[in-house]
1. Looking at the structure I just gave you, is LYS120 touching a Gly at 6+ places or on another chain (Cβ under 7 Å) and basic (Lys, Arg)?
2. Looking at (1) farther than 24 Å from GLU183 by Cβ; (2) within 18 Å of the chain's Cα centre (by Cα), which one does PRO274 not meet, given that it meets all the others?
3. Taking into account only those residues within the stretch 47-58 that are surrounded by fewer than 14 Cβ atoms within 10 Å (Cβ to Cβ) and not β-branched (Val, Ile, Thr), which is nearest to ALA91 (Cα to Cα)?
4. What's the total number of residues in the stretch 29-52 that are part of a loop (DSSP other than H, G, I, E, B) and either of a type in the set (Val, Ile, Thr) or modelled with pLDDT of 95 or more (or both)?
5. For the stretch 236-250, what are the residues that are under 15 Å from ALA157 (Cα atoms) and surrounded by fewer than 19 Cβ atoms within 10 Å (Cβ to Cβ)?
6. Filter the stretch 274-317 for residues that are in contact with a Leu (Cβ under 8 Å, 6 or more places away or on another chain) and either more than 30 Å from THR253 (Cα to Cα) or part of a loop (DSSP other than H, G, I, E, B) (or both) and give the result.
7. Here's a check for you: in the stretch 157-180, which residue that is acidic (Asp, Glu) and without any contact (Cβ under 8 Å) to a residue 12 or more places away in the chain is nearest to GLN324 (Cα to Cα)?
Amino acid sequence: MRPAFRLGMLGMWHTHADGLVRQVAAHPSEFTLVGFWDPQPQVVAERRQRWQLILPQCHVYDSPEEVLRQPLDGVVVEGRVFENLRLARLALESGRPVLLEKPAGDRWDEYRRLIDLAGKKRLHVQMIYLFRYMSAVVEMLRRGRRGDFGRIYEFRARLPKDLSDYGRLAEELRPYRGGIFFEMAGHVIDMMVTLLGRPKTVTPFLAHHHTQPPATFIDHGVAVFGFDHAWGIIEVPALEVAPHARRIEVYGTEGACVIPHLGSGHLANSAVQPLEIFRRGATQWERLELPAQTLQITDLREFAAVVWGTKKPDYSLEHDQIVQESLLRASGMWDGPPP
């Protein structure tokens, strides 16, 4: 039996960090968190107070270098998006593989250099896109890869954020021109690229539609992605008041699939996740009630297995680069070479 996989965490700010820490605490025979670091004292204080209840040995170091001097099998990067690539680079330079919070930074050139470094050092970099391992998503992608939908001609996804979070999101996303679209769309671009590959065209429609300032905050984004034989349409508003409105739809020449409510990546979810399937020639839709997958433990297990060499990654570096490029283009934040 292998010893527990030893992780360090650089950056403690991100919302998803809490769920990941809780999964490590719930599986002590598989994982341990050796140490933490974050540049903001208020973040450290809040997280330390919360996490010490479940991780009594929650040790926070004074610098990222101190964390990286500990015996580690891998590093989780959970800071602010604009600082995460620098932290990931520190981890790679120390010889550690990286579990990197989404999105993969906000500058294409910095991300490309990170991936080049990972390739030179032969180190694994895995993105944390929480919806990848949700039960309905896994089943949708399995059926899509198997060809159940025939030739897919449309992928549509809607991933709203609640209006009650508007003020907080406007402030947190101030550094990013793409606003709420940049924050959320990567989750479903990830799925779209899995099913359809690299888009040939990306056309964003980004706006501020709330009467509340700041007028520079993109609070409603739609992007249309063009493929040889399909459209991808992704919508991300920060104005939602209707419940259960996160939805994914896939339509093809042999069938269709709908996730009527995707749920949340890190908050409490229903014990059952529905998936609606239609097969060509049928008279009605079939509804599957799938047991909900506990989130983030699968990401951790995937990371450890790839680092230990017992499996190949579910998602390749090439896939992750296509997702990040597509996200930056759709968010109006592309700073790489022209297409």
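The values are calculated or read from the model by the stated rules, or taken from the named source; none is laboratory data. Everything numeric in this text was worked out from a predicted model, so none of it was measured. Neighbour counts are summed over all protein chains in view; Cβ atoms, including those assigned to glycine, are modelled from backbone coordinates with ideal geometry.
1. Details: touching a Gly at 6+ places or on another chain (Cβ under 7 Å): no; basic (Lys, Arg): yes.
So LYS120 does not fit the description; no.
2. If we test PRO274 against (1) farther than 24 Å from GLU183 by Cβ; (2) within 18 Å of the chain's Cα centre (by Cα), just (2) comes out false.
3. First, the residues of the stretch 47-58 that are surrounded by fewer than 14 Cβ atoms within 10 Å (Cβ to Cβ): 49, 52-54, 56-57.
This time we only want the ones that are not β-branched (Val, Ile, Thr), so: 49, 52-53, 56-57.
Details: GLN49: 26, GLN52: 24, LEU53: 27, PRO56: 25, GLN57: 22 Å.
My answer is GLN57.
4. If we filter the stretch 29-52 for residues that are part of a loop (DSSP other than H, G, I, E, B), which is where we start, we get 29-30, 38-40, 52.
So of that shortlist, the ones also either of a type in the set (Val, Ile, Thr) or modelled with pLDDT of 95 or more (or both) come out as 29-30, 38-40.
Qualifying residue count, the stretch 29-52: 5.
5. Within the stretch 236-250, the first condition is being under 15 Å from ALA157 (Cα atoms), and the residues that meet it are 236-238, 240, 244-250.
GLU240, HIS244, ALA245, ARG247, GLU249, listed by residue number.
6. If the condition is that a residue be in contact with a Leu (Cβ under 8 Å, 6 or more places away or on another chain) and either more than 30 Å from THR253 (Cα to Cα) or part of a loop (DSSP other than H, G, I, E, B) (or both), then LEU295, GLN296, ASP299, LEU300, PHE303 are the ones that fit.
7. Pass one, the stretch 157-180, residues acidic (Asp, Glu): 162, 165, 171-172.
Going one step further and asking which of them are without any contact (Cβ under 8 Å) to a residue 12 or more places away in the chain, we end up with 171-172.
Details: GLU171: 23, GLU172: 20 Å.
So, considering only residues that are acidic (Asp, Glu) and without any contact (Cβ under 8 Å) to a residue 12 or more places away in the chain, the one nearest to GLN324 (Cα to Cα) is GLU172.
Here's the yes/no breakdown for (1) in the same structural domain as LEU262 (by TED's automatic domain parsing); (2) closer than 28 Å to GLN293 by Cβ; (3) in contact with a helix residue (DSSP H, G or I) (Cβ under 6 Å, 6 or more places away or on another chain):
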{"residue": "LEU141", "(1), (2), (3)": "yes, yes, yes"}
{"residue": "MET191", "(1), (2), (3)": "yes, yes, no"}
{"residue": "VAL224", "(1), (2), (3)": "yes, no, no"}
{"residue": "ASP228", "(1), (2), (3)": "yes, no, no"}
